[in-house]
1. Rounded to a whole number, what % of the accessible area of region 240-376 do carbon and sulfur atoms account for, probe 1.4 Å?
2. Give the carbon-plus-sulfur fraction of the accessible surface of region 117-218 in %, rounded to a whole number; probe 1.4 Å, heavy atoms of protein chains only.
3. If the elastic network links every pair of Cα atoms under 10 Å, which of Asp286, Asp360, Asp108 fluctuates the most in the Gaussian network model of the chain?
4. For the chain, modelled as a GNM with alpha-carbon contacts under 10 angstrom, which of Pro137, Pro216, Pro259 fluctuates the most?
5. Please report, as a whole percent, how much of the solvent-accessible surface of region 3-80 comes from carbon and sulfur atoms (probe radius 1.4 Å).
6. Mind checking which lysines have their Cα closer than 19 Å to the Cα of Lys254? Skip sequence neighbours fewer than 8 apart in that chain.
7. Checking the a/c ratio against 1.5 first, then a/b against b/c, what shape does the Cα gyration tensor give for region 56-175?
8. Distance from the Cα centre of region 63-103 to that of region 159-214, in angstrom?
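The values are calculated or read from the model by the stated rules, or taken from the named source; none is laboratory data. For clarity, every value in this text was computed on a predicted model and none was experimentally measured. In this analysis, Cβ positions are derived from the backbone assuming ideal geometry, glycine residues included, and neighbour counts consider all displayed protein chains. What goes into the accessible areas is simple: the full protein's heavy atoms, side chains included, and nothing from ligands, DNA or RNA. Shrake-Rupley method; radii C 1.70, N 1.55, O 1.52, S 1.80 Å.
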Amino acid sequence: MRTQVAIIGAGPAGLFLSLLLDRLGIASVIVELHTRDYIENRVRAGLLEYHTVQLMQELGVGGRVALEGLEHGGIELRFNGRGRRIDFRDLAAGKCVTIYAQHEVIKDLAAARLATGKPILFEARNAQLHAIDAERPYVTFHHNGVDERLDCDFIAGCDGFHGISRASVPAGVLTVYERDYPFGWLGILAQAPPASQELIYVHHHRGFALLSMRSPEISRLYLQCAPDEDLSLWPDDRIWSELHKRFATDDGWKLTEGPITQKAVTGMRSFVVEPMQAGRLFLAGDAAHIVPPTGAKGLNLAVADVRVLAAALGHFYSSGSPALLAQYSATCLRRVWKVQRFSWWMTQLLHRFPDNNPFDQRRQLADLDYLTGSRAASQSLAENYVGLPFR
Ligand code: APR
Ligand code: PHB
């Protein structure tokens, strides 16, 4: 097999990249470890930045998100038993975010990709990258009982944090910057109408909590827990009881309950590799960086990377110049670090740290008071939350 760009992974990064390349007339093959059913049903976050939705419209995959996505013009920050609203439309030039589950995005992108007749090779086992420093790199893998070799000009490593792309870069080339957090999130899906039309981020002395949603009938709720929390210690009634405590307000606001249909614990880390390129291998999305979920930037940052990569590849194939490809890593990293900063900042602002230092608790509350009382501070939150502009 031969193609121009071999894409490893059919997550948001790989699928968006394939559609962007297709629009530029650049051929690609996607090599994916799992089945279509698996990638289309994996429960992840569900918040799309303004620009992510716009890109879906431009790529012709915005039909369902326009109908079923829930536009949100603000969020609530709840602390000291009171809620305060941050109004995005007012503070971020009319922009909003959209609630739409990541696996629904995956369904839309995969359907559009397959409709072009270009391949996604599902259940491709043991993918390995070769000759990434040469003019003609290639990928080998096992697919449908056959050992395959895919020759290409470039490889896009879009295979997530646990993929093989980053691990294929020779030792000494990449520098890792990382930070672990001493907590995780216990996330549930519940068949319960969301108790609020907008997301609620709670600072509470028992720990952080978040109310989100998937539809007018389905709530998505998270509560801060230990990073290695044992789910068997969390029967449904304990989850509801803890959520009620953290969401409680002075004026008797009530969380709506309903049957819990899904439960999982997510760890939290901040992680970046530099550079995001080695020879003809370009890393994008979670393969290159991880953000903690506070602010839901993971998918959106993956999309930002592949926009840069597609433009650079387009420039290369139309002009023969590798100039933009050479700048790929530096261009992406400017945004990556700003989004890292924002995700870290939201995380440290809202969570309870195990040392429970009273100074830090007071400082967090002062930060929240300032944030919700100052237009300048609210505006900074709003412009980061809806997504920084692309320059
Ligand atoms: N070979 C082929 N495919 C692989 C391999 C491999 N060795 N390892 C992983 N993959 C596939 C996974 O099955 C998955 O479909 O790569 C894809 C990576 O997708 P994501 O993990 O979703 O990563 P990315 O596309 O960068 O999206 C980042 O999505 O999941 C969220 O938290 C994440 O929101 C962030 C965003
Ligand atoms: C989600 O709906 O899954 C979600 C929303 C906002 C976040 C994180 C996750 O900050």
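1. On the way: 3250 of 5720 Å².
Carbon plus sulfur share of accessible area: 57 percent.
2. Working: 2280 of 4740 Å².
The value for region 117-218 is 48 percent carbon and sulfur by accessible area.
3. Answer for the Gaussian network model of the chain: Asp360.
4. Maximum among the listed residues: Pro259.
5. Numbers: 1350 of 2800 Å².
Result for region 3-80: 48 percent of the exposed heavy-atom area is carbon or sulfur.
6. Lys245
7. On the way: a/c = 2.89, a/b = 1.88, b/c = 1.54.
Prolate.
8. Their Cα centres are 18 Å away from one another.
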